[in-house]
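Notes follow the structure.
The values are calculated or read from the model by the stated rules, or taken from the named source; none is laboratory data. What you are looking at is a predicted structure, and each value in this text was computed from that prediction instead of being measured. Ideal geometry is used to build each Cβ from the backbone, glycine not excepted, and the neighbour counts take in all protein chains shown. For the accessible areas, the whole protein counts, side chains as well, though only heavy atoms, and no ligand, DNA or RNA atoms are used. Shrake-Rupley method; radii C 1.70, N 1.55, O 1.52, S 1.80 Å.
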Amino acid sequence: MSKRVVLTIDDIPQMVTKNMVDYLVKNNIPAVMFAVGENIEKHFDTVVYAIKNGITVGNHSYSHPSFSAISYEEGIEEIEKTEVLINKAYEEAGLPRKVKAFRFPYIDKGGDKKELFQRYLRENGFMKIDDSEIEAKSYYLVGHDKDIDVACSFDIREYNVPSNDMTFDEVMLHLREGDGEDGADIMNRDGYNIVLFHSHDDTEKVVPKYYVTILDELLNAGVIFTESEWKN
Ligand SMILES: [Zn+2]
């Protein structure tokens, strides 16, 4: 047994993203990065750089809205505009796009439109990440196992630091202690988890190299970062 983690990193590309990619490559950590269309337009070269360095880039909408607060049509436009940009980045990188993945901003699956969005994703070739070995009960309680979008079984929560909703010490404590009875514990228990992390300039500003501190901690605890696997 071992502590296995699929690392997912949201809200790319930002200024800090290129350095994060370099850190991941140096430490042999595979990752799925979910890109926001508006950010791709600002830092197109960074997405191409990530792809060239072996990162799987998925779709995280165009303007990062809560999908329960917009119409179905607006939601589809959010997804499709970003698909065009991601495909362009793969083309520019000269590499085939093997995985078509989507993560809802805030993992808000659209409220009463949830099943419509799930059907759209299924019918348009989006792929499901292999989550069959996740043990955290909370993942099944909300039904993530049945959905095609990429959710997570453990949230690092470091995005709460710039807004002072959490201190960085509290983030590190949560990382070390886990989510408790029904949730995941990625440092102390053997198992498989999909972990939510972010590439955020505002976090980098408050805690320089936050991603190094957090990911080094996991590496030192013997966490094995594994390649994501996908099915249609
Ligand atoms: Zn996000």
> Any idea of the accessible area per residue across the chain, 1.4 Å probe, to the nearest Å²?
Replying inline: 46
> Amide H to amide H under 5 Å from Met166: which residues, 5+ apart in sequence or cross-chain, H placed 1.01 Å off N in plane?
Replying inline: Val161
> Can you pull the three principal axis extents for the Cα set of the chain, in Å, largest first?
Replying inline: 42, 38, 35
>> Looking only at the chain, where both bridge partners belong to it, what percent of the DSSP beta bridges are antiparallel (to the nearest 5)?
In response: 10
> Percent relative contact order of the chain, based on C-alpha pairs within less than 8 angstrom and at least six residues apart?
Replying inline: 29
>> Restricting to DSSP loop positions (anything but H, G, I, E, B) with no more than 15 other Cβ atoms inside 10 Å of their own Cβ, which GluC sites (Glu not before Pro) remain in the stretch 93-188?
In response: Glu133, Glu135, Glu181
> Quick one: ranking Leu173, Leu219 by accessible area, 1.4 Å probe, largest first, what do you get?
Replying inline: Leu173, Leu219
>> Considering only protein heavy atoms and a probe of 1.4 Å, how much of the accessible area of the stretch 1-92 is carbon and sulfur, as a whole percent?
In response: 45
>> Check which residues have an amide H placed less than 5 Å from Phe102's amide H, if you skip close sequence neighbours.
In response: Asn59, Met127, Val150
> Points 7 angstrom from Cα along the Cβ direction at Lys113 and Glu92: gap in nanometres?
Replying inline: 2.8
> Extension gain Ser66-Ser138, at 0.36 nm per residue separation less the Cα-Cα distance, in nm?
Replying inline: 23.8 nm
>> Under the rule a/c < 1.5 gives rounded, and otherwise a/b versus b/c splits prolate from oblate, where does the stretch 93-152 land using the Cα gyration tensor?
In response: oblate
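May I ask you to derive the FRET efficiency for Phe168 and Val84 from their Cβ-Cβ distance with R0 = 41 Å, giving the value to the nearest 0.05?
Calculated transfer efficiency: 0.65.
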> Rounded, prolate or oblate: which one fits the stretch 123-232, using the alpha carbon gyration tensor with axes a ≥ b ≥ c (rounded when a/c is under 1.5, else prolate when a/b beats b/c, else oblate)?
Replying inline: prolate
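Taking a 1.4 Å probe, which of Lys52, Lys209, Lys109, Lys26 shows the most accessible area, and what order do the others take after it?
Values: Lys52 125, Lys209 105, Lys109 20, Lys26 160 Å².
So, going from the largest accessible area down, we get Lys26, Lys52, Lys209, Lys109.
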>> From the phi angles alone, apply the Karplus equation (6.51, -1.76, 1.60; θ = phi - 60°) to the stretch 203-208 and give each ³J(HN,Hα) in whole Hz, x where the residue is Gly or Pro.
In response: 6, 4, 5, 7, 10, x
> Residue by residue through the stretch 154-160, which ³J(HN,Hα) values in whole Hz follow from phi under the Karplus form 6.51 cos²θ - 1.76 cosθ + 1.60 (θ = phi - 60°), with glycine and proline marked x?
Replying inline: 8, 10, 5, 6, 5, 5, 7
